[in-house]
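Encoded as structure tokens, the structure appears first; notes follow it.
Read-outs: derived from the displayed coordinates by stated rules, not from any lab. No experiment lies behind these values; they were computed from the predicted model shown. All Cβ positions, glycine included, derive from the backbone under ideal geometry; neighbour counts span all protein chains shown.
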Amino acid sequence: MAQVRVDTPSGGCLNARTGPGTSYGVYTCVSDGAALKPVVDSRGDWLELSSGRWVYRPYTTYGSTGVGGDTRRVDTPRGGCLNARTGPGTGYSSYACVNNGATLKPVVNSQGDWVQLSSGGWVYAPYTTTGSGGTGGTVILNPGQTGTPVRDVQLRLKSLGYYDGAIDSIYGPKTTNAVEEFQRAKGLMVDGIVGPQTRSALF
């Protein structure tokens, strides 16, 4: 299951605080790269974890425990191939160009509009589409996840009138409630998870 990990600029530890701000006391300092507890709420640039502690969001990254990362397909505007790069941006070199419609490796990380695949390469997320990876109940997005795919769902739910929260790319309680309301209205299984059927109904 995808989750948030510590990713500090200097590689140092990240303070877990008793509240959403530097004026709150430090409970502990979490090592760089460590997996954090699931995100349950947010306030500005701060994330609240299920442990009740708060961390500074810009010093975290969307990661994965190694299974269940969302699977995407190439979907470029003009039908051309998509560059797979060595880093998250056009300033990084391209080492391959993946054909339009091809299935990509599972997503394990994200940074802005770029997603990192399990192969280590980075691709431009807006030129991809999320696929189910199969049939049945394959999960695409779970509460607690963050990143561009969550933002896309929030924007869609907001445009449909189900979501009135911030477009913060965090699958928190408000997003979960909005997904459940949408599922209820569409006669889908109400579980707060964006699986293939829910995503198909949304997009």
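Miscellaneous remarks
- For the range 86-103, the Karplus equation 6.51 cos²θ - 1.76 cosθ + 1.60, evaluated at θ = phi - 60°, returns couplings of 7, x, x, x, 6, x, 8, 6, 8, 10, 7, 10, 8, 4, 4, x, 6, 7 Hz by residue, with Gly and Pro reported as x.
- Sequence-separation-based contact order of the chain, relative, with Cα cut under 8 Å and 6+ spacing, percent: 17
- In the range 2-62, Cα pairs under 8 Å separated by at least six residues give a relative contact order of 40 percent.
- In range of the label at T22: residues from the range 82-118 whose backbone nitrogen is under 12 Å from the point 7 Å along Cα→Cβ: none
- Relative frequency of Cα-Cα separations exceeding 28 Å in the chain, percent: 29
- The mean sequence separation of alpha-carbon pairs under 8 Å and at least six residues apart, normalised by the residue count of the range 71-131, gives a relative contact order of 41 percent.
- Plainly put, the range 148-195 has a radius of gyration that is 0.92 times its Kirkwood radius, both from alpha-carbon atoms, as the Rg/Rh ratio.
- When the chain is treated as a Gaussian network with alpha carbon springs shorter than 10 Å, the biggest mean-square fluctuation among D168, D75, D45 belongs to D45.
- Long-range amide H partners of W46 with built H, under 5 Å: R57
- Whether the range 13-56 is rounded, prolate or oblate, judged on the alpha carbon gyration tensor where a/c under 1.5 counts as rounded: oblate
- For the range 162-168, 3J(HN,Hα) per residue [Karplus equation, 6.51 cos²θ - 1.76 cosθ + 1.60, θ = phi - 60°, Hz, x = Gly/Pro]: 9, 10, 10, x, 6, 8, 10
- Peptide packing for 177-189, 12-24 was compared via the average number of neighbouring C-beta atoms within 10 Å per residue; ordered from the highest value, the list is 177-189, 12-24.
- A cut-off of 5 Å between modelled amide H atoms, ignoring neighbours fewer than 5 places along the same chain, links T128 with D75.
- Across the range 195-201, rounded Karplus estimates of 3J(HN,Hα) from the backbone phi angles (6.51 cos²θ - 1.76 cosθ + 1.60, θ = phi - 60°) give x, x, 5, 5, 5, 4, 5 Hz, Gly and Pro being marked x.
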